1. Criterion first (modelled with pLDDT of 90 or more, in contact with a helix residue (DSSP H, G or I) (Cβ under 8 Å, 6 or more places away or on another chain) and buried (at least 16 other Cβ atoms within 10 Å of the Cβ)) does residue 107 satisfy it?
2. Which condition number in (1) surrounded by fewer than 18 Cβ atoms within 10 Å (Cβ to Cβ); (2) within 21 Å of residue 117 (Cα to Cα); (3) modelled with pLDDT of 90 or more is the one that residue 31 fails?
3. Look through segment 58-74, keep the residues that are within 11 Å of the chain's Cα centre (by Cα) and assigned to a loop (DSSP other than H, G, I, E, B), and return whichever of them is surrounded by the fewest Cβ atoms within 10 Å (Cβ to Cβ).
4. Tell me which of these residue 87 doesn't satisfy, since it passes every other one: (1) in a helix (DSSP H, G or I); (2) modelled with pLDDT under 90.
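The values are calculated or read from the model by the stated rules, or taken from the named source; none is laboratory data. Since the model is a prediction, treat every value here as computed from it, not as a measurement. Cβ placement follows ideal geometry from the backbone for every residue including glycine, while neighbour counts extend to all protein chains displayed.
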């Protein structure tokens with residue numbers, strides 16, 4: 001398992017110890033969203049399409065990444081954006097190349113798309 005730290009405060013024990021400030025500014029998936037995402041993840045794992053996942057919590061977004069192999073880059077990502085005036089849609093399904101596959105304000109539509117589509121990673 002590979003652990004990557006996105007925040008210097010985690011690596012630096014001398015940093016500010018006020019953890020409440022760190023978590024207040026980050027974006028998270030709620031329990032309902034995680035249940036839906038992990039449900040489709042479990043289905044795809046049983047089909048042999050996905051092998052691993054990662055969850056990143058950043059200031060303006062939370063990212064759930066799906067991996068075909070632990071040592072490769074993410075095949076797909078579900079990104080939850082904080083509601084701002086710039087970001088009109090809350091959820092984005094993003095490919096490995098970074099292009100948007102599907103956008104929606106509801107996680108249900110993203111999960112439905114993943115459930116109904118036959119997304120395959122194609123290597124050249």
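1. Here the answer is yes, as residue 107 does meet what is asked.
2. Among (1) surrounded by fewer than 18 Cβ atoms within 10 Å (Cβ to Cβ); (2) within 21 Å of residue 117 (Cα to Cα); (3) modelled with pLDDT of 90 or more, residue 31 violates only (2).
3. 58
4. With respect to (1) in a helix (DSSP H, G or I); (2) modelled with pLDDT under 90, residue 87 is out only on (1).
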